[in-house]
Amino acid sequence: MYAITNDYFDSFSAIFGPGECLLNGKWYPLGHFAVEALEMDRSLLWKLKAAVAEFKPELEVFLAACTASSAAVAQQKLDAVWAILDQIPVYKNLRGSFSGSQGLFHSMREHPDRTDDSVTDGTNFHRALAYWLDRLERLPDAVDDFIGNTSLMLGDYFEDLPARSPAAYAEAYEKYRRTMDAAFQYAEEEDEVDEDLDSIQLDFPVRLGFRAMAAKDGGAVFGEELTFNELASFLYTDLYKGMAAGNVPRRCHNCRHFFLAIGGHDTVYCNRIAPDEAKRTCRQVGAHKKEKRKNESPIHKEYFKAYNRLKGRKSRGAISTDKWNQQVAVIQDWRDAALRGELSDAEFKQKLDGV
């Protein structure tokens, strides 16, 4: 069908470098599109499924009648499908770069041999049309499976890692793979049908090529040019190449939306405007909460009591500024030692009471 529609749904390519992906002339950090999919409005998938279901019978009417009116109706229904595709992550970034499905049925009426081939078993066009329709029908479920299974994998295997690095992500993924492999083996040995396992995708069909891409030093390096016929394959590739580069999708500990934690840093808050806030981001709100919790700990409470006593003496002139600075430095050292566990709470309080 690509030869007829020349559209991104049939085939699109992206170039993957060490830390970025080049799609339709624009660079994105690896893992960017995986997060977009995890955060997408899933109702679009059900709208797409309904639109494809409405299109399919009109296609059959056109193939049987091949009239101007049946072509117009079929084209209208197909345009409705593409209007939804253009809102889906990745596809929306390719919008405008392909000629698309516009005029497809007018073209088929002008070339009746194509229409004849499409209803004749065994012809290339008949096989291509069947495959094209099958992919249109499977797309909503495939993307929904990516969202559901990836969300579970990230929560169960990646959220509580003691370290944030490509090596830690690789180990977490290997644990996930071992669990999935064991589940598949058990289902096969016991001859059990597990619908949940049917939704899990562990390999991704792509075509591999190589292109030169600009390096940071101004030279050129090899990049992998991957061509995809299925959106889910691209999303999984972006997800795992991102992990290999140290980027992983993570749920914000404040708003619970996914964001891309880049470069192996243990970031737990996103940069969106926080819920119920006008300007402050989740990261700003989270930092404030963290500082507040820290200052409410018993060690910090005792420290601030001693600090305020010293401050009061300095304000009354009972101690000099130099003495104030010396004593504050001492109680700060005691506080840090208590936080490191080198002083018990009782020992720390006893020292402060003597100030």
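Of all residues being small (Gly, Ala, Ser) and either at pLDDT 95 or above or surrounded by 11 or more Cβ atoms within 10 Å (Cβ to Cβ) (or both) in segment 168-194, which is nearest to Thr237 (Cα to Cα)? Just the residue, please.
First, pick out the residues of segment 168-194 that are small (Gly, Ala, Ser): 168, 170, 172, 182-183, 187.
With the extra rule that they be either at pLDDT 95 or above or surrounded by 11 or more Cβ atoms within 10 Å (Cβ to Cβ) (or both), the set shrinks to 168, 170, 172, 183, 187.
Numbers: Ala168: 18, Ala170: 14, Ala172: 17, Ala183: 23, Ala187: 26 Å.
Applying the filter and picking the extreme gives Ala170.
Which ones in segment 118-131 are surrounded by fewer than 17 Cβ atoms within 10 Å (Cβ to Cβ) and in contact (Cβ under 8 Å) with a residue 40 or more places away in the chain? Break it down into steps so the answer makes sense when it comes.
Of all residues in segment 118-131, those surrounded by fewer than 17 Cβ atoms within 10 Å (Cβ to Cβ) come to 119-124, 126-127, 130-131.
Of everything in segment 118-131, those that are surrounded by fewer than 17 Cβ atoms within 10 Å (Cβ to Cβ) and in contact (Cβ under 8 Å) with a residue 40 or more places away in the chain turn out to be Val119, Tyr131.
Within segment 32-40, identify whether any single residue is at pLDDT 90 or above, in a loop (DSSP other than H, G, I, E, B), in contact with a Phe, Trp or Tyr (Cβ under 9 Å, 6 or more places away or on another chain) and acidic (Asp, Glu), and answer yes or no. Reasoning before the result, please.
So the first thing to find is which residues in segment 32-40 are at pLDDT 90 or above, and the list is 32-40.
Subset that is in a loop (DSSP other than H, G, I, E, B): 39-40.
This time we only want the ones that are in contact with a Phe, Trp or Tyr (Cβ under 9 Å, 6 or more places away or on another chain), so: 39.
Checking the rest, the ones that are also acidic (Asp, Glu) come to 39.
Checking segment 32-40: at least one residue is at pLDDT 90 or above, in a loop (DSSP other than H, G, I, E, B), in contact with a Phe, Trp or Tyr (Cβ under 9 Å, 6 or more places away or on another chain) and acidic (Asp, Glu).
So that you can scan it fast, the table gives a plain yes or no per residue for (1) part of a loop (DSSP other than H, G, I, E, B); (2) among the β-branched types (Val, Ile, Thr):
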| position | (1), (2) |
| --- | --- |
| Pro18 | yes, no |
| Trp46 | no, no |
| Val52 | no, yes |
| Leu59 | no, no |
| Ala80 | no, no |
| Pro89 | yes, no |
| Lys92 | no, no |
| Gln102 | yes, no |
| Asp113 | no, no |
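Say whether the condition of being in a strand (DSSP E or B) and of a type outside the set (Phe, Trp, Tyr) is met by at least one residue in segment 230-244. Can you show your working first?
Taking segment 230-244 and keeping what is in a strand (DSSP E or B), we get none.
No - not one qualifying residue is present in segment 230-244.
Six or more apart or on different chains, Cβ under 9 Å: which pairs go from a residue in segment 138-153 that's closer than 13 Å to Phe258 by Cα to one that's small (Gly, Ala, Ser) and at pLDDT 95 or above? Could you list them?
Ile147/Ala37; Thr150/Ala34; Thr150/Ala37
Considering only residues of segment 200-223 that are modelled with pLDDT of 85 or more, aliphatic (A, V, I, L, M) and assigned to a loop (DSSP other than H, G, I, E, B), which is surrounded by the most Cβ atoms within 10 Å (Cβ to Cβ)?
Top of the filtered list is Val206.
Working carefully through the options Leu133, Leu129, find the one that is touching a Lys or Arg at 6+ places or on another chain (Cβ under 8 Å) and either in the same structural domain as Lys56 (by TED's automatic domain parsing) or assigned to a loop (DSSP other than H, G, I, E, B) (or both). Break it down into steps so the answer makes sense when it comes.
On the way: Leu129 fails: touching a Lys or Arg at 6+ places or on another chain (Cβ under 8 Å).
That would be Leu133, the only listed residue that is touching a Lys or Arg at 6+ places or on another chain (Cβ under 8 Å) and either in the same structural domain as Lys56 (by TED's automatic domain parsing) or assigned to a loop (DSSP other than H, G, I, E, B) (or both).
The values are calculated or read from the model by the stated rules, or taken from the named source; none is laboratory data. Source: prediction; values computed, not measured. Cβ sites come from the backbone with ideal geometry, for glycine too, and all protein chains shown count toward neighbours.
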